[in-house]
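Notes follow the structure.
Please treat every number below as a calculation from the coordinates, not as lab data. Keep in mind that this is a model prediction, so the values were computed, not measured. Heads up, the Cβs are rebuilt from the backbone with ideal geometry, glycines too, and the neighbour counts pull from every protein chain shown.
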Number of protein chains: 2
Amino acid sequence: MTEALSEAPNVNRATCPSRIVLEHVTSRWGILVLAALLDRSYRFSELRREIGGVSEKMLAQTLQTLERDGFVNRDAKPVIPPRVDYSLTSLGREAAEQVWGLAHWVERRLPAVTEARDAYDEARAS
Amino acid sequence: MTEALSEAPNVNRATCPSRIVLEHVTSRWGILVLAALLDRSYRFSELRREIGGVSEKMLAQTLQTLERDGFVNRDAKPVIPPRVDYSLTSLGREAAEQVWGLAHWVERRLPAVTEARDAYDEARAS
DNA sequence: ACTGTTACTCTCTATTGGAAAGTACCCACT
DNA sequence: AGTGGGTACTTTCCAATAGAGAGTAACAGT
């Protein structure tokens, strides 16, 4: 069987498309967007306020990527001022549950990481 | 209560240290290193061969970051040629299980993403 | 003496990220 | 009538980061 035909996705292969998708859902802002949308739908600037430190450019870019991959729905109401609601698709919900788990594991275990870092830095302080 | 004192980690706060740790474990190569080490320990260049497309520089950098955060153990044997074994700590194992879940979810659901993308691109083809 | 092996480290360039300003649209206020 | 404000982006420009590739050190084998 050649590589091109019906080979199972494998993130360890440099050219595997799953790499790119993985990078989208685990991107700096992708994670936070997915996790936020797990609660409820958000408008663009609500998300911007919710997620500390995102620039408008990066939020727009992240949402476009996630929309194209089928993770979020974009619902633009033709009103003035513009109103665009973002929500998860069912595929997006699956992804969001995974990244939410990861994000909250990190929050919970942060003290252990901090401790490990202090020990590491201590050990090689000159 | 001021912000500085004993506030719970919150990834949505721009200055929260958990952001940085989350970026380390979800970094492009961090994910793949953690997932690989879930199986067994690896030597530096074994990992390099296992994970398609990593440069030596990025692998070294990723391993150092993960070591400092307390996720991997580095065991350098004083032999020639050098032999350095990397393995997960128990903290690292917890993280690795989370990212493994994510990576394999992506592999499994890749067809759905591909389909969504085709539909998206189709819809706005001129 | 010369090659091979391993685990990095350094240097240089390409890519990406982010801040800030710009755009378009209409409403409310003065 | 003109000014300011709100929303959802888009564009521009500069700084930070990622990556490729070469360099380094140390010794064993031929």
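When the Cα convex hull of the range A:46-126 is projected onto planes of every orientation, the mean area is 8.0 nm².
Only Lys, Arg, Asp and Glu carry charge here, each on its Cβ (+1 for the first two, -1 for the last two); on that basis chain B has a dipole of about 380 debye about its Cα centre. With the convex hull drawn around the C-alpha atoms of the range B:39-89, the volume per residue stands at 80 Å³. Amide H to amide H distances under 5 Å link B:Val72 with B:Glu67, B:Thr89, where only residues 5 or more positions off or on other chains count and H is placed in the peptide plane.
Considering Cα pairs under 8 angstrom that are at least six residues apart, work out the relative contact order of the range A:19-67 and quote it in whole percent. Mind dumping the intermediate values first?
On the way: 24 pairs, mean separation 22.5, N = 49.
Once normalised by length, the contact order is 46 percent.
Counting every other Cβ atom within 10 Å of each residue's Cβ, A:His104, B:His24 order from fewest to most as A:His104, B:His24. Partner shielding of B:94-102 amounts to 5, given as the average count of beta-carbon atoms from other chains within 10 Å of each residue beta-carbon.
Distance to the A-onto-B rotation axis is smallest for one chain A Cβ; residue and value in angstrom are A:Thr26, 2. Inter-copy label distances at A:Asp75, shortest first and taken from points set 7 Å along Cα to Cβ: 5.5 nm.
Since only B:Gly53, B:Gly70, B:Trp100 are under comparison, the one whose Cα sits farthest along the positive direction of the charge dipole of the range B:14-126, derived from C-beta charges on Lys, Arg, Asp and Glu, is B:Gly70.
Relative contact order for the range A:26-102 using alpha-carbon pairs under 8 Å, separation at least 6, rounded to a whole percent?
Relative contact order of the range A:26-102: 41 percent.
Once you average over the residues of A:20-33, how many Cβ atoms of partner chains fall within 10 Å of each Cβ?
For peptide A:20-33, the averaged partner shielding equals 5.
Label-to-label distances for A:Ala119 across copies, nearest first, come out at 4.9 nm, using points 7 Å from Cα in the beta-carbon direction. Legend: mean number of C-beta atoms from other chains within 10 angstrom of residue C-beta atoms, peptide B:108-120, equals 5. From the largest down, the protein assembly as shown spans 69, 63, 24 angstrom on the principal axes of its Cα atoms.
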